[in-house]
1. What pairs come out if I take residues in segment 40-69 that are in a helix (DSSP H, G or I) and pair them with residues that are of a type outside the set (K, R) whose C-beta lies under 9 Å away, six or more apart or interchain?
2. Quick one: would you say E34 is surrounded by fewer than 10 Cβ atoms within 10 Å (Cβ to Cβ), at pLDDT 85 or above and part of a helix (DSSP H, G or I)?
3. Could you tell me whether K26 is surrounded by 10 or more Cβ atoms within 10 Å (Cβ to Cβ) and modelled with pLDDT of 90 or more?
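The values are calculated or read from the model by the stated rules, or taken from the named source; none is laboratory data. Computed from a predicted structure; not experimentally measured. All Cβ positions, even for glycine, are placed from backbone atoms using ideal geometry, and neighbour counts span all protein chains on display.
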Amino acid sequence: MFFFSETMPRLRTNQRTNEEDPPEEKCHEEEEEEEEEEEEEEEEEEEEEEENDKEKKKKKKKKKKKKKKKKKKKKKEEEEED
């Protein structure tokens, strides 16, 4: 047993951790991928918000037009009564 421990090279804690951890490049690539995914999600959310805004504007415009038409009709009826 003594012979075995002497012949085996000893690893320092730094060396051990470096070997166990993935290379920094892979970590960096993973971070970039995560950032890209987050950006894509944000863009999709923005697009959805824009679509919702357009729909709301359409509905609002339609409602306004309907209200205006109703008001015009009411005014016309009042004129006929007079």
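1. none
2. Answer is no for this residue.
3. Here the answer is no, as K26 does not meet what is asked.
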